[in-house]
Amino acid sequence: MSSPVPMRAASPIYIAPRLLAETAQGGVVNALANEGGLATTFWAGPEQISKGMREGAVDI
């Protein structure tokens, strides 16, 4: 049972067990799609990159 709306604001501590559970039930494709795709699932940084981050003045 996957959520129809991605939970982007949710903490990875809550997302990871849900993804594992959906994977165990054979729903890995839908689970990844609900998270915004494979690249979004791998990304552990901030949702938005600031100008300072892009310029290297601020750590990500």
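The values are calculated or read from the model by the stated rules, or taken from the named source; none is laboratory data. Keep in mind it's a predicted model, so treat the numbers as computed, not measured. These area figures cover heavy atoms from the full protein model, side chains too; ligands, DNA and RNA do not enter into them. Shrake-Rupley method; radii C 1.70, N 1.55, O 1.52, S 1.80 Å.
Quick one: would you say residue 10 is assigned to a helix (DSSP H, G or I), modelled with pLDDT under 85, open to solvent by less than 100 Å² (accessible area, probe 1.4 Å) and not polar (S, T, N, Q)? So residue 10 does not fit the description; no.
Taking region 29-41 as the range and being open to solvent by less than 60 Å² (accessible area, probe 1.4 Å) and in a helix (DSSP H, G or I) as the test, the residues that pass are 31, 32, 34, 41. How about region 47-58: which of its residues are in a loop (DSSP other than H, G, I, E, B) and either open to solvent by less than 40 Å² (accessible area, probe 1.4 Å) or hydroxyl-bearing (Ser, Thr, Tyr) (or both)? Of everything in region 47-58, just one residue is in a loop (DSSP other than H, G, I, E, B) and either open to solvent by less than 40 Å² (accessible area, probe 1.4 Å) or hydroxyl-bearing (Ser, Thr, Tyr) (or both), namely 50.
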